[in-house]
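Here is the structure we will look at, set down as structure tokens.
The values are calculated or read from the model by the stated rules, or taken from the named source; none is laboratory data. Bear in mind that the values here come from a model prediction, so they are computed numbers and not experimental data. Virtual Cβ from ideal backbone geometry, glycine too; neighbours counted across all protein chains shown.
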Amino acid sequence: MHGVIPKRMSLDGELPLNFQKGEQLVWAFKQVDYLEEKTRRQYTGGSQGVSVRIIKGVYYHVVGFKGHAVDRTELVLPIPGLSL
């Protein structure tokens, strides 16, 4: 209400979570997976190039790439098998 989180619960044992400074547990649920959003970046596009033979066995290769990044967000388990 005034920026103060009331202490409504206490837990026995250790939690498999690392809290940052000033963070605290507000809600806890049994038998649920802890998922994090991960953004994966993939580059799509194409390339083209040309190879020029200088002498036997020696080539000069010029290549160019044109494309863009595609971001995709997915929910993943930060630690496989982690369940609270």
The lone exception for residue 45 - which of (1) surrounded by 10 or more Cβ atoms within 10 Å (Cβ to Cβ); (2) not in a strand (DSSP E or B) it fails: (2)
Answer residue from segment 12-22, given it is surrounded by fewer than 10 Cβ atoms within 10 Å (Cβ to Cβ) and under 21 Å from residue 79 (Cα atoms) and is farthest from the chain's Cα centre (by Cα) among those: 13
Residue within segment 63-77 that is in contact (Cβ under 8 Å) with a residue 40 or more places away in the chain and not in a strand (DSSP E or B) present: yes
Out of 7, 21, sole residue that is modelled with pLDDT of 85 or more and part of a loop (DSSP other than H, G, I, E, B): 21
Leading residue by the ranking (nearest to the chain's Cα centre (by Cα)) among those in segment 32-41 that are surrounded by fewer than 10 Cβ atoms within 10 Å (Cβ to Cβ) and at pLDDT 90 or above: 39
Total residues in segment 24-42, condition of a type outside the set (Asp, Glu) and in a strand (DSSP E or B): 5
Those residues of segment 61-77 which are over 19 Å from residue 39 (Cα atoms) and β-branched (Val, Ile, Thr), in sequence order: 62, 63
